[in-house]
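A.B. asks: Encoded as structure tokens, here's the structure I'll be asking about.
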Amino acid sequence: MFAKIKNHFLHKHINAKKPDKERKICALARANTVGVLCEITDEDSYKSIFQIFTQLQQTGKTVHLIGYIDEKFVPFYCLQQLSADYFCQKQLTWCGEPNMVQVQDFINRDFDILLDFNYRYHEPIEAILTTARSKFIIGSCDDYQNLYDLLLRTESQNYNQFLNSVFNYTQKLSGK
């Protein structure tokens, strides 16, 4: 019962903050600013997503990463950086919305592309995707399909395969 009330207030609150935004298809190769949203489940997922984060930065793009850890504390291996932040259950409001300055800064950035590397539903991720000001949101989680501008399904939950699909499909959609 409490979960339903909590969920109701979360949706009411984030839908009130939903921005009017200009949607614009952008090829990953041509994007200048990229947001990366993910869930960190263990050290291996951290290493995989950080490798992708570094790979995108090496192409000259401005990349910002927000990682959610579905635990009470951020693990020791999640190293905060200038453009990579992590949050956990302790940094959520009572209804499940992220309550951290870095997350609000991420939401307010006008990314050319926001890549959601989540494969399962989390209320804080939904709150970020709903209120994000990004021009083009791409992801693969069926639970968020109404929040994405492009839903890509991959055969496995492999971050590199998802990134390659994003690169290929955005090239085709933008006609470049």
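Nothing in this text is a laboratory measurement; each read-out follows from the coordinates by a stated rule. Values in this document were obtained by computation on a predicted structure and should not be read as measured data. Using ideal geometry, Cβ is built from the backbone for each residue, glycine included, and neighbour counts are taken over all protein chains shown.
A.B. asks: Roughly what would the spin-label model give for Ser83 and Arg120, points 7 Å off Cα along C-beta, in nm?
C.D. replies: 3.0 nm
A.B. asks: Take the chain, connect every pair of alpha-carbon atoms lying under 10 Å apart with a spring to form a Gaussian network, then pick out the residue of Leu37, Leu151, Leu82 with the largest mean-square fluctuation.
C.D. replies: Leu82
A.B. asks: With only Lys, Arg, Asp and Glu charged, each at its Cβ (+1 for the first two, -1 for the last two), find how big the charge dipole of segment 2-174 is about the Cα centre; round to the nearest 20 debye.
C.D. replies: Working: 19 positive and 20 negative charges, 108 e Å.
With Lys and Arg at +1 and Asp and Glu at -1, about 520 debye.
A.B. asks: Same structure, new question: Scale the Cα Rg of the chain by the rule-of-thumb value 2.2 N^0.38 Å and send over the ratio, two decimals.
C.D. replies: Against the compact-globule rule of thumb, the ratio is 0.98.
A.B. asks: For segment 2-174, with the dipole built from +1 on Lys and Arg beta-carbon atoms and -1 on Asp and Glu ones, taken about the Cα centre, which of Ile25, Asn158, Thr170 lies farthest toward the positive end?
C.D. replies: Ile25
A.B. asks: For the chain, give me the percentage of DSSP beta bridges that are antiparallel, rounded to the nearest 5 percent.
C.D. replies: DSSP beta bridges in the chain are roughly 10 percent antiparallel.
A.B. asks: Here's something else I'd like to know. Does segment 76-139 come out rounded, prolate or oblate, given a ≥ b ≥ c as the square roots of the eigenvalues of its C-alpha gyration tensor, rounded meaning a/c under 1.5 and, failing that, prolate meaning a/b above b/c?
C.D. replies: Rounded.
A.B. asks: Next question, about the same structure. Could you line up Asp70, Asp44 from fewest to most neighbouring Cβ atoms inside 10 Å?
C.D. replies: By the 10 Å Cβ count, ascending: Asp44, Asp70.
A.B. asks: Next question, about the same structure. Expressed as a whole number of Å, what is the distance separating the alpha-carbon centroids of segment 109-176 and segment 40-70?
C.D. replies: The two parts, judged by their Cα centres, are 14 Å apart.
A.B. asks: If I build a Gaussian network model for the chain, linking alpha-carbon pairs within less than 10 angstrom, which residue out of Pro75, Pro124, Pro98 has the largest mean-square fluctuation?
C.D. replies: Greatest mean-square fluctuation among the candidates belongs to Pro75.
A.B. asks: Please tell me the relative contact order of the chain in percent, rounded to the nearest whole number, where contacts are Cα pairs under 8 Å and at least six residues apart. Working shown, then result.
C.D. replies: Working: 288 pairs, mean separation 47.4, N = 176.
Answer for the chain is 27 percent.
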